[in-house]
Structure formats: structure tokens, C-alpha cells
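**Student:** This is the structure I have questions about; it appears just below.
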Amino acid sequence: MEIVDIHSHVLPEVDDGAVSVDETIAMLRIAYDAGTRKIVATPHMFLDLFHNNDFVQVLDRFEQLKSDLESCQDAFPFLQDMHIYSGAENFASQEFLAALEQGCVLTLNGSRYLLVEFPPVLPFRHFLSVIEKVVATGYTPVIAHPERYGAIQKDPLRVEQFEQMGCVIQVNADSVRGGSGSRAKKCSWRLLQAGWVDVIASDGHRLRWRPPNLGGVLGRLEEEFTKDDIAGWLVENPGRILANKRLAAAVTS
Ligand SMILES: [Fe+2]
């Protein structure tokens, strides 16, 4: 199974992800060993903490990383078989909405799919108004880790409204394993069992903080879901996103 990871913080020195190219390579090695062959670098953007709002700057850093990785291929041959793509995790802030209007946002590998994260305690109605704006601009929102938001933990059924608005639902593997607390774990399983999840991604940050080890969740998933379900979440749907194609029919068990 060649896993496709659409959410990671492997772009170094831009947010709370990798702090150096060395750490990026070590993180990519973990991903590779766990079966990942394609990974999208999705640094936080429009989040006050990192002042990372310029998509041209992020793309420049991404191109620099690609060239650094190419020059390391002799020392790390696995890099020849590990493909990295550009993207961003867009924080639903006023700055984001302003950039959205101007078309100054980074989608996943230049596709129609835009990864969006929300403040953890945002009231539900604000989720809907941001999603409406993203959809009206012509992008397909990919909702990053809904299982981590209070409004969704309180009532997971609300995710169905996201789906009806045309969103893609991305759950973190770490939540499924319980690494983000019992509420996120319970919510992620509820979403998986209800068939509302389209993609599982790593949201890998550091070598020792939620590393991008997507294969590590396979055993737990195989206890409850079919191989087709799992391939849909880890390979098929994320692969379609990178190729800018429509997703397959909803993954259900
Ligand atoms: Fe993230």
C-alpha cells in the first residue's frame, strides 16, 4: 500500500514543524518506513503565532527544500522514491479570508482542494460561514481534524453538514490512536464508523511530536474496517486530491 499523506509540517523553519532540513529528512524516513510515498508539506498559514501569510514566500521555501532534498539523494537513496508536494494548512482567520478573496492561498499541490483548520473552541455557526466563503470562491474545503474541535466533539453529527456543503473530511491518525486525548479519539472513531471520513493524514509535526507515521494506525483500523475502507482513507482519496480529481463515493463500512 503506497500511502499518500496530505497534511504534514515537514517544511523546515516556518512553523512549529521541522526545525531543520536534517529533521525533515528524518521525518520523511519515518514516513517512508511506514509506507508513505507521497507527502504534502502543509505549514500553518494565517495563524498569528508564525506570521506566515505570504504564499510566494512559502512556495520559495518549498522549492528550496525540494532542491536540498535532491542534493541529498546520494546519502539518502530512499528520497528518490519519496515525493513531496506543496500546500498549506490555512487557519480560518480574518487574514485568511482576505487572502482568499485575492486568490493568494496555497491549495494542496495546486489543486482545487484547500486545507482549512479552525480555532479549537469556535462556535459551530462560524465554521459554516467560513466554509461558505471558501466554497463561494471555487475551492473545495478540506476540513483539517474536525475531531479536535469542541463544537464537533459535542455533536459529531454536525460533520454531515460539512459534507453536504461539499467539504472533504480529514481526520488525524494520531487522534484515531488516542494521542490527542480521549475526546478526539472518541470523536474520530464516531466519524469513521459513520462513514463521514474521506482521508486520514498524519499532521506530523516533529520527529518526537506526532511523527508522520501513518502506517502505525493500520493495525488498529484493520480490526474494524475493510481493506477497501482503509485504502480509501490512506491511498485512494488523498491520491485523487493530489491529482485534482473528484473523490470516490463516500467510504463506509
Ligand atoms: Fe497541521
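**Student:** Run GLY179 past the list (1) touching a residue at least 12 places away in the same chain (Cβ under 8 Å); (2) part of a loop (DSSP other than H, G, I, E, B); (3) within 27 Å of ARG112 (Cα to Cα) and report the number of the one that doesn't hold.
**Tutor:** GLY179 satisfies all of (1) touching a residue at least 12 places away in the same chain (Cβ under 8 Å); (2) part of a loop (DSSP other than H, G, I, E, B); (3) within 27 Å of ARG112 (Cα to Cα) except (3).
**Student:** To continue, here is another question. Out of (1) surrounded by fewer than 18 Cβ atoms within 10 Å (Cβ to Cβ); (2) without any contact (Cβ under 8 Å) to a residue 60 or more places away in the chain, the odd one out for ASP229 is which?
**Tutor:** (1)
**Student:** Still on this structure, I have one more. Applying the selection to segment 193-214, what residues are more than 26 Å from VAL14 (Cα to Cα) and either open to solvent by less than 10 Å² (accessible area, probe 1.4 Å) or not acidic (Asp, Glu) (or both)?
**Tutor:** Listed by number, the residues that qualify are GLN193, ALA194, GLY195, TRP196, VAL197.
**Student:** Scan segment 18-34 for residues that are in a loop (DSSP other than H, G, I, E, B) and either open to solvent by 20 Å² or more (accessible area, probe 1.4 Å) or at pLDDT below 95 (or both) and jot them down.
**Tutor:** Of everything in segment 18-34, those that are in a loop (DSSP other than H, G, I, E, B) and either open to solvent by 20 Å² or more (accessible area, probe 1.4 Å) or at pLDDT below 95 (or both) turn out to be VAL19, SER20, ALA34.
**Student:** Ok, one more. Please determine, by comparing only the residues of segment 140-151 that are assigned to a helix (DSSP H, G or I) and within 16 Å of the ligand (Cβ to nearest atom), which one is nearest to GLY87 (Cα to Cα).
**Tutor:** That would be PRO146.
**Student:** Now a separate question. Mind checking whether some residue in segment 111-119 is within 16 Å of the ligand (Cβ to nearest atom) and of a type in the set (Phe, Trp, Tyr)?
**Tutor:** The answer is yes, given that some residue of segment 111-119 is within 16 Å of the ligand (Cβ to nearest atom) and of a type in the set (Phe, Trp, Tyr).
**Student:** When the residues of segment 51-82 are filtered to those that are of a type in the set (A, V, I, L, M) and without any contact (Cβ under 8 Å) to a residue 24 or more places away in the chain, which remaining residue is farthest from the ligand (Cβ to nearest atom)?
**Tutor:** Checking each candidate, the answer is ALA75.
**Student:** Then there is this: Which residues, counting only those in segment 17-50, are within 12 Å of the ligand (Cβ to nearest atom) and under 15 Å from the mean Cα position of the chain (by Cα)?
**Tutor:** GLY17, VAL40, ALA41, THR42, PRO43, HIS44, MET45, listed by residue number.
The values are calculated or read from the model by the stated rules, or taken from the named source; none is laboratory data. Note that the structure is predicted; figures quoted are calculated from it, not measured. Note that we place each Cβ from the backbone using ideal geometry, even for glycine, and neighbour counts take in every protein chain shown. Accessible surface areas use protein heavy atoms only, side chains included; no ligands, DNA or RNA. Shrake-Rupley method; radii C 1.70, N 1.55, O 1.52, S 1.80 Å.
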